[in-house]
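The values are calculated or read from the model by the stated rules, or taken from the named source; none is laboratory data. Note that this is a predicted model, so its numbers are computed, not measured. Here the Cβ positions follow ideal geometry from the backbone for every residue, glycine too, while neighbour counts run over all protein chains shown. For the accessible areas, the whole protein counts, side chains as well, though only heavy atoms, and no ligand, DNA or RNA atoms are used. Shrake-Rupley method; radii C 1.70, N 1.55, O 1.52, S 1.80 Å.
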Amino acid sequence: MFLAGFFLFVALISGCDSQRATSVLLTGETMGTSYHITIADENSNTSKERLKKEIDSKLIQVNELFSTYIKSSEVSRFNAYHGVEAQKKSAEFIKVLAEAQRISDITQGAYDITVGPLVNLWGFGPSFKEEDIPDLQKIEAALSEVGYKNIVYDKQTNEVRKLKESAYIDFSSIAKGYGVDVLSEFLGSEGYMNYMVEIGGEMRVKGVNSQGIKWRIAVEKPDSMTRSIYRVISVTDVAIATSGDYRNFFEKDGVRFSHTIDPTTGQPVQHDLASVTVLSKSSMTADAWATAFMVLGDKKGYDLAIRNELAVLFLVKKGDEIREVSTPMFHKMTEEHSS
């Protein structure tokens, strides 16, 4: 995963064996990962086959917008053009780009969808490999290719252009969240009021689960050796994203190098933040913020989350000890929605 970090959520659907007969479970593959959908509405006359066909079709459309692995996608065509003339893009492309740029502005570049050259330089690109640590000259060269301000757009005309011909964007840190939003809005348009949508760890829940209670979501303990639950939160009508760096890293000469690269310095981050969980109305927004906070760390990240009234849980790890830091908004949302 290019910018997004390692997503750590596990859905806890209590009483799976006694789910209502009307519950609908759908799974499939997309965006290099998997999706899981639970619809818990009672007295549903859902056609599972029709729903899955519609969902798969919508996910194909999302890939055709944002996949860098599809040469004909909107983002691939944008990246392939080495010029500064404006390109016409879809309203969906502009929507996601605008949100990414908004968060880049708020974080002063800690979140940056043009960071790809640095990620690749450090060996965390699509084909992970451990190489010699890049020297300062190579880092400076890659930094010169990075900068979200090199991408400008016009919401009125749906046009996007590069201020630097070599600018390259990657939506991996926000596209799965957008896909979750697309599917959630589709289910809402079909009249469903109780569901969970998850793609690669990004989630959005609505209403209640099949037991008639809030959706129970487990936050994984940040441990590179084992997988276990740190805590469970009960939520409804919210999107959830978690990002962490305790599985995707390498060590060389006794030094640990995180896959999370700071776009402002060109270096892997050096702090003790192991994972971060963000709650938001939009999965797209939560997805991007989770990446941003992994760059900022718990101290700068907490201050920024407070200023922007965001619901965030930081898990800070030093040795075997885990310290939890959460914002008042996170506490409020999970308290209000607990069962």
Enumerate the pairs (first residue in segment 311-324 and within 25 Å of A288 (Cβ to Cβ); second residue anywhere and among the basic types (K, R)) with beta-carbon separation below 6 Å, excluding pairs fewer than 6 apart on the same chain, so at least 6 apart or on different chains. V316/R323
Which residue, of V182, V146, is touching a residue at least 24 places away in the same chain (Cβ under 8 Å), of a type in the set (A, V, I, L, M) and within 30 Å of V208 (Cα to Cα)? V182
Cβ-Cβ under 9 Å pairs, at least 6 apart or on other chains, segment 149-160 side without any contact (Cβ under 8 Å) to a residue 12 or more places away in the chain and at negative phi, far side surrounded by 15 or more Cβ atoms within 10 Å (Cβ to Cβ) and assigned to a loop (DSSP other than H, G, I, E, B): V152/A86
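Restricting attention to segment 74-120, which residues are part of a helix (DSSP H, G or I) and touching a Gly at 6+ places or on another chain (Cβ under 8 Å)? Spell out how you get there, then give the answer.
Applying the first criterion (part of a helix (DSSP H, G or I)) to segment 74-120 yields 74-80, 91-106, 116-120.
G116, L118, V119 - these are the residues of segment 74-120 that are part of a helix (DSSP H, G or I) and touching a Gly at 6+ places or on another chain (Cβ under 8 Å).
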Which numbered condition trips up L65, out of (1) under 21 Å from the mean Cα position of the chain (by Cα); (2) surrounded by fewer than 11 Cβ atoms within 10 Å (Cβ to Cβ)? (2)
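Could you say which residue among G83, G116, G123 is over 25 Å from G179 (Cβ atoms), among the small types (G, A, S) and surrounded by 14 or more Cβ atoms within 10 Å (Cβ to Cβ)?
Details: G83 fails: surrounded by 14 or more Cβ atoms within 10 Å (Cβ to Cβ); G116 fails: over 25 Å from G179 (Cβ atoms).
After ruling out the rest, the residue left standing is G123.
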What are the residues in segment 135-166 that are closer than 21 Å to Q267 by Cβ, under 25 Å from the mean Cα position of the chain (by Cα) and open to solvent by less than 40 Å² (accessible area, probe 1.4 Å), if any? A142, L143, V146, G147, Y148, N150
Any idea which residue in segment 169-226 is farthest from W289 (Cα to Cα), counting only those that are open to solvent by 10 Å² or more (accessible area, probe 1.4 Å) and of a type in the set (V, I, T)? I213
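Somewhere in segment 312-324, is a residue small (G, A, S), at pLDDT below 95, more than 21 Å from F171 (Cβ to Cβ) and under 13 Å from the mean Cα position of the chain (by Cα)?
no
Does segment 72-94 contain any residue that is over 19 Å from the mean Cα position of the chain (by Cα) and of a type in the set (F, W, Y)? Don't jump to the end; show me each part of the working.
Looking only at segment 72-94, we keep the residues that are over 19 Å from the mean Cα position of the chain (by Cα), and these are 72-74, 76-91.
Now drop any that are not of a type in the set (F, W, Y), which leaves 78, 81.
Yes, some residue in segment 72-94 is over 19 Å from the mean Cα position of the chain (by Cα) and of a type in the set (F, W, Y).
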Under 9 Å between Cβ atoms, at least 6 apart or on separate chains: pull out the pairs that start in segment 24-42 with a residue that is under 16 Å from V62 (Cβ atoms) and open to solvent by 20 Å² or more (accessible area, probe 1.4 Å) and end on any residue that is basic (K, R) and not in a strand (DSSP E or B). M31/K176; T33/K176
Can you confirm whether E165 is closer than 28 Å to N79 by Cβ and touching a helix residue (DSSP H, G or I) at 6+ places or on another chain (Cβ under 7 Å)? no
Whether any residue in segment 92-105 is in contact with a Lys or Arg (Cβ under 8 Å, 6 or more places away or on another chain), open to solvent by 50 Å² or more (accessible area, probe 1.4 Å) and of a type in the set (A, V, I, L, M, F, W, C) is what I want to check. no
Return yes or no: is L3 within 30 Å of N120 (Cβ to Cβ), within 20 Å of the chain's Cα centre (by Cα) and at pLDDT below 50? yes
